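Below: the structure, in structure tokens.
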């Protein structure tokens with residue numbers, strides 16, 4: 001067994017959800033808005049400690065982020081608090097690369113980080129006029 005928190009593969013995820021597991025996206029707001037795994041709830045990593053009450057302690061929880069760093073931290077934190085927590089292997093990047101659906105329809109995987117949020121916001125604005 002490797003280091004780090006327990007993981008679940010994309011192939012195993014649907015069966016786990018069908019059995020009652022919760023799916024939590026710990027990415028930033030702009031990432032969530034651009035595209036997410038259907039059925040997920042949004043609890044950004046920065047808010048997780050004050051919002052753990054929103055997660056049912058009696059059901060397994062699967063966490064994901066873009067590639068795995070934030071979901072690793074979230075999974076370790078929830079495991080330490082007594083939750084049955086699992087990390088989705090390869091995050092939403094692996095999910096999308098496997099051709100799995102994203103919400104909303106036409107959604108995409110956003111870049112992470114503050115600079116990426118600015119870039120995404122600029123893409124929503126019309127280009128500046130050329131002088």
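Taken together, the values in this text are just the output of simple stated rules run on the coordinates, not laboratory data. This one's a predicted model, so the numbers in the text were calculated from it and none came from an experiment. Reconstructed Cβ throughout: ideal geometry from the backbone, glycine too, with neighbour counts over all protein chains shown.
Order these by the 10 Å Cβ neighbour count, fewest first: 9, 71.
Arranged by neighbour count, lowest to highest, 9, 71 become 9, 71.
Determine, for 86, 102, the number of other Cβ atoms within 10 Å of each Cβ, and report the residues in order from fewest to most.
Ranked by crowding around the Cβ, least crowded first: 102, 86.
Taking the Cβ of each residue in 81, 76, 105 as the centre, tally the other Cβ atoms inside 10 Å and list the residues starting with the fewest.
Listing 81, 76, 105 from fewest to most nearby Cβ atoms yields 105, 81, 76.
Counting alpha carbon pairs within less than 8 Å and at least 6 residues apart, what relative contact order, in whole percent, applies to the range 7-124?
The value is 32 percent.
Once you order the gyration tensor axes a ≥ b ≥ c over the Cα atoms, which shape class does the range 7-124 get: rounded for a/c under 1.5, otherwise prolate or oblate by comparing a/b with b/c?
oblate
Pop the C-beta distance of residue 52 and residue 105 into the FRET formula with R0 = 30 Å and round what comes out to the nearest 0.05.
0.45
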